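The values are calculated or read from the model by the stated rules, or taken from the named source; none is laboratory data. Since the structure is predicted, the reported quantities are computational estimates derived from the model, not experimental observations. Reconstructed Cβ throughout: ideal geometry from the backbone, glycine too, with neighbour counts over all protein chains shown. Just the protein is used for accessible areas: all its heavy atoms, side chains included, with ligands, DNA and RNA removed. Shrake-Rupley method; radii C 1.70, N 1.55, O 1.52, S 1.80 Å.
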Amino acid sequence: MCIPSSLPYPKLRFDLPSLTTLTLCIASSLAGCADSDETSLGAPLADAGVSADACAPTQSWGSGLVSVTDAGQLAVNGQVFTARGINSYPLLQLVGAARLDAVEDIFVQAAQLGRSLVRTPAFLELGNSPARLRDDRGALREEGLRALDEVLAAAARNDTRLILILTNNWEDFGGAPAIVNMIAPGEQLPKNAFWSDERALRLQLDYQTALVQRVNSQNGRVYGEDATIFAWELANEARCERERTPALCDDGTLTRWARRMSDGLRAAGARQLIAWGGAGSLGEYGEDLRSIATQGGVDVLTLHMYQTASAQASDPVEAAIRAGERTLREREQVARELGKPLLLEEVNWKPASGSERDGERATVLSAWLSIADGLGVGTLPWMIGERGRTDYDGYLIRPEDSATHAVLRCQ
């Protein structure tokens with residue numbers, strides 16, 4: 001960790017012009033940090049008073065598949081590690097837009113942050129992109145599959161591993177709402193039918209099987225055996241709320257769905273880990289992390305954690321840090337008791353004022369990532385994209401966000 005231990009994390013504040021605490025974190029002072037050539041990140045880091053070579057520990061992936069030890073830790077090539085990654089949702093769309101240079105650059109950005117594990121969708125069921133993977137009837141589109149081939153091949157060239165998300169609770173990029181429309185056009189079934197309607201289950205199982213057994217047109221690798229895939233992730237933020245659709249959701253709906261999908265992936269020949277992808281609820285929204293861990297057939301548990309500044313708090317930053325610490329410790333204890341690794345696979349902070357966005361976010365993320373690292377919880381902040389991308393949700397980590405970049409490199 002690159003923050004001096006004499007500074008308790010709630011008191012950390014990053015002064016954007018100097019970031020003096022992070023100047024103490026240099027490659028020679030942190031085990032695993034590697035020197036790197038001057039890159040496009042060098043200028044903003046230098047402007048912030050941080051060496052471009054500071055603190056970018058890298059995971060040497062080799063060719064082995066990631067596994068879980070008997071102690072519930074991640075390992076590759078016999079070495080236990082704590083995952084350090086980043087989210088980037090636009091990769092498949094960028095291939096569809098023929099912006100392969102942007103795809104390569106995202107992987108370069110991830111490597112420069114020492115986070116060569118990227119979580120990204122392997123679904124796209126809406127719109128006119130050539131990278132769309134399924135049409136309105138649910139049929140596979142070869143053009144879209146070739147775009148996914150490109151994403152995997154580019155990751156392999158950049159020694160980057162991918163967490164491939166197989167569907168979405170939300171309508172973004174298609175996901176469960178689009179699949180419900182595929183199986184019952186015109187019936188106006190609620191989204192929650194996705195988790196239990198046999199037609200939806202079969203369509204999703206067939207889709208998973210097609211991906212696992214696909215041979216990549218770019219490099220000839222079978223998806224289900226390709227070490228580029230860190231894990232298959234069942235669904236992003238699955239929710240099935242009984243109060244909305246009592247006939248479709250009960251306390252075990254998501255657990256049964258997870259088990260069916262996990263079994264389907266393994267039956268299709270997937271050799272990689274299976275991650276959950278949920279927000280990490282302990283009973284809310286129909287998601288019970290304990291039940292998912294014990295009965296859902298998954299190897300890796302997940303937690304998503306966001307906060308926004310509260311005008312009511314006397315110190316919104318410290319309040320957010322404390323709340324995040326409680327959540328992290330609670331979920332880590334659940335994972336440890338059940339012998340599963342935990343990924344904090346979406347995490348970010350949105351200040352109330354845009355003027356302090358980078359420095360304040362760096363303060364909060366530094367604390368959360370430090371806590372997670374101390375607990376052995378892997379982290380994948382939300383998110384990076386192509387240069388010049390519009391910040392649609394206020395959480396985009398841009399190349400010019402020098403304070404945030406410094407934190408991500410060092411923790």
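Here are a few things to note about the model shown:
- Region 301-316, residues that are in contact with a helix residue (DSSP H, G or I) (Cβ under 6 Å, 6 or more places away or on another chain), modelled with pLDDT of 70 or more and among the small types (Gly, Ala, Ser): Ala313
- Residue count, region 60-88 (criterion: part of a strand (DSSP E or B) and of a type outside the set (A, V, I, L, M)): 5
- Residue satisfying all of: in region 378-402; farther than 12 Å from Gln109 by Cα and without any contact (Cβ under 8 Å) to a residue 40 or more places away in the chain; farthest from the chain's Cα centre (by Cα) among these: Gly388
- Selection of region 210-230 for residues being farther than 12 Å from Leu65 by Cβ, open to solvent by less than 10 Å² (accessible area, probe 1.4 Å) and hydrophobic (A, V, I, L, M, F, W, C) yields Leu211, Val212.
- Hits in region 134-145 (condition: in contact (Cβ under 8 Å) with a residue 40 or more places away in the chain and either in a loop (DSSP other than H, G, I, E, B) or under 17 Å from Leu201 (Cα atoms) (or both)): Arg134, Asp136, Arg137, Gly138, Leu140
- Residues in region 244-256 that are open to solvent by 40 Å² or more (accessible area, probe 1.4 Å) and over 16 Å from Val180 (Cβ atoms): Pro246, Asp250, Asp251, Arg256.
- Every residue from region 169-200 that is farther than 19 Å from Arg244 by Cβ, out of contact with any Gly (no Cβ under 9 Å at 6 or more places or on another chain) and either among the β-branched types (Val, Ile, Thr) or assigned to a helix (DSSP H, G or I) (or both): Glu198, Arg199
Residues are listed down the side, and each one gets a yes or a no for (1) part of a loop (DSSP other than H, G, I, E, B); (2) out of contact with any strand residue (DSSP E or B) (no Cβ under 7 Å at 6 or more places or on another chain); (3) at pLDDT below 95:
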residue: Lys340; (1), (2), (3): yes, no, no
residue: Glu345; (1), (2), (3): no, no, no
residue: Leu365; (1), (2), (3): no, no, no
residue: Leu369; (1), (2), (3): no, no, no
residue: Trp382; (1), (2), (3): yes, no, no
residue: Asp393; (1), (2), (3): yes, yes, yes
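- Residue within region 231-243 that is in contact with a Cys (Cβ under 7 Å, 6 or more places away or on another chain), assigned to a loop (DSSP other than H, G, I, E, B), at pLDDT below 95 and surrounded by fewer than 22 Cβ atoms within 10 Å (Cβ to Cβ) present: yes
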